[in-house]
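Q: Got a structure here, written out as structure tokens. Questions coming.
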Amino acid sequence: MSTPALRQRRSGLLSRWPGRNNEGYLAALLLLVVAVMSAAAPAFFSLHTFFSVIRGATVPWIFAMGVLLVLVSGGIDVSFPAIAVFSAYSAVALTTARGVDAGLLGNFALAMAIGCLLGLVNGILIARFRLPTLIVTLGTAGFFRGAMITFVGATYIAQLPRSLAEQSTRSVISVNTEAGTTFLHVLVVPVLILTVLIALGLKHTMFGRAAYAIGGDPEAARRVGIPVQRTQVVLYVLVGALAAFGGMVFMIQGQAADPQMLIGIELDTIAAVVLGGASIFGGRGSVLGTVLGVLLVQVINNSLVLVGVPTAWQRATVGLLLLLGVGAQAWAGRRPRRAAPAAVKAPAVKAAA
């Protein structure tokens, strides 16, 4: 027997279920895609596919964390692939040219230090001169790639330093299946730790709250005492470090240093973050939604490959998802504005009557 209190409790649970950024809807869509593909191709629902999706999502996952930080603060960054390539390739090229191996931590530290410097360039141009983030990052993306080719080189490095090459075959877990041996790469562990740290930072630190405030209204953030310029600079430095980390992971997975790597990954990453509920207008987004968005894009790409869809159509599908995500945000943003005039007019009509 349903009581008013029980019905109210159920109504409250249902209203909270989607989450603040509609993560519930995205999770349901992800499960639906998995269910449909499993019905169409039973081989899809397997441990091999799950590990493959996680391995393929690792690098976009890292980049998506950086894109989330930028979108939350009201900006947009398309230079992160160029920063990733410049930082990771330069670190490997420098150590290889000198015949030394800085070790796993040393190589990562060198790459991330370079990434921080490149991110600092973005941060200063955007925060100090208040230039549009899209224009700045488009410009620096081309500049960073050109500078790398000019001053570092563009030679394909087939042999990574030993400390990096050893990580290419390490796994957290390895399982023998009917399709062969499948494994979960060891680099998934630091990515998960990084994700938790970013989630905690955005939710429980002044820096995270400042990023949301700047994305919501920069001028209001200044008036309440938030150091907007300093926060933006630190944010882009952090994004540069994340990009460098992702570039190193990509090279380890590919077992080579290619200066032409990661071209075109911007679309998939930004689409995943927007699908995850981050607003392109700033002030809204979550780590959980971003992770779900990355996994959804990766599952869809894997599904299209499995059914034999050409690569061009895979890119078209991701572009369509991005348009749908932005369109859904625009539609949701118009609903309150449409409802407001009706709420104002209704009492006036009643009073006149």
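Q: Just ILE149, ILE62, ILE83 to compare: in a GNM of the chain, with alpha carbon springs under 10 Å, which one fluctuates most?
A: The residue that fluctuates most here is ILE149.
Q: Just to be sure I understand the model, the point goes 7 Å from the Cα along the line to the Cβ. What's the resulting ARG98 to ILE149 distance in nm?
A: 2.7 nm
Q: Next question. Give the separation of the Cα centroids, the stretch 190-233 to the stretch 24-81, in Å.
A: Each part's Cα centre sits 24 Å from the other's.
Q: Among ASP268, ASP77, which comes first, second and so on when ranked by fewest other beta-carbon atoms within 10 Å?
A: Ranking ASP268, ASP77 by Cβ neighbours within 10 Å, fewest first, gives ASP268, ASP77.
Q: Here is a further query. What percentages make up the Cα-Cα pair-distance distribution of the chain when the bins are 20 Å wide from 0?
A: So the P(r) values, bin by bin, are 27, 54, 17, 3, 0.
Q: With a point put 7 Å past each Cα toward its Cβ, work out how far LEU138 is from PHE50 in nm, to one decimal.
A: Result for the modelled spin labels: 4.3 nm.
Q: Does anyone have the angle between helix 47-72 and the longest principal axis of the chain? Alpha-carbon axes, 0 to 90°, nearest 10?
A: With both axes taken from Cα atoms, the answer is about 70 degrees.
Q: Arranged from highest to lowest average of other beta-carbon atoms within 10 Å per residue, in what order do the peptides 224-233, 111-120 appear?
A: The most tightly packed comes first, giving 111-120, 224-233.
Q: Oh, and also: Could you give the length gained by full extension between ALA41 and THR177, i.e. 0.36 nm per residue of separation minus their alpha carbon distance, to one decimal place?
A: Here the segment from ALA41 to THR177 would lengthen by 47.3 nm.
Q: At a Förster distance of 51 Å, what's the computed FRET efficiency of VAL307 paired with ARG128, Cβ-Cβ distance as r, to 0.05?
A: 0.55
Q: For HIS185, enumerate residues with amide H under 5 Å from its amide H, sequence gap 5+ or separate chain, H modeled in the peptide plane.
A: VAL172
Q: Please compute the alpha carbon radius of gyration of the stretch 96-149, then divide it by the globular-protein estimate 2.2 N^0.38 Å. Two decimals is fine.
A: Here the Cα radius of gyration is 1.43 times the empirical estimate.
Q: Placing unit charges on C-beta atoms (Lys and Arg positive, Asp and Glu negative, everything else neutral), compute the dipole magnitude of the chain about its Cα centre in debye, rounded to 20.
A: Using Cβ point charges on Lys, Arg, Asp and Glu, the chain gives about 1700 debye.
Q: Which of PHE63, PHE44 has the fewest other C-beta atoms within 10 Å, and how do the rest follow up to the most?
A: Lowest count first: PHE44, PHE63.
Throughout, read-outs are computed from the coordinates displayed, never taken from laboratory work. Keep in mind that what you see is a predicted model, and the values were worked out from it rather than measured. Heads up, the Cβs are rebuilt from the backbone with ideal geometry, glycines too, and the neighbour counts pull from every protein chain shown.
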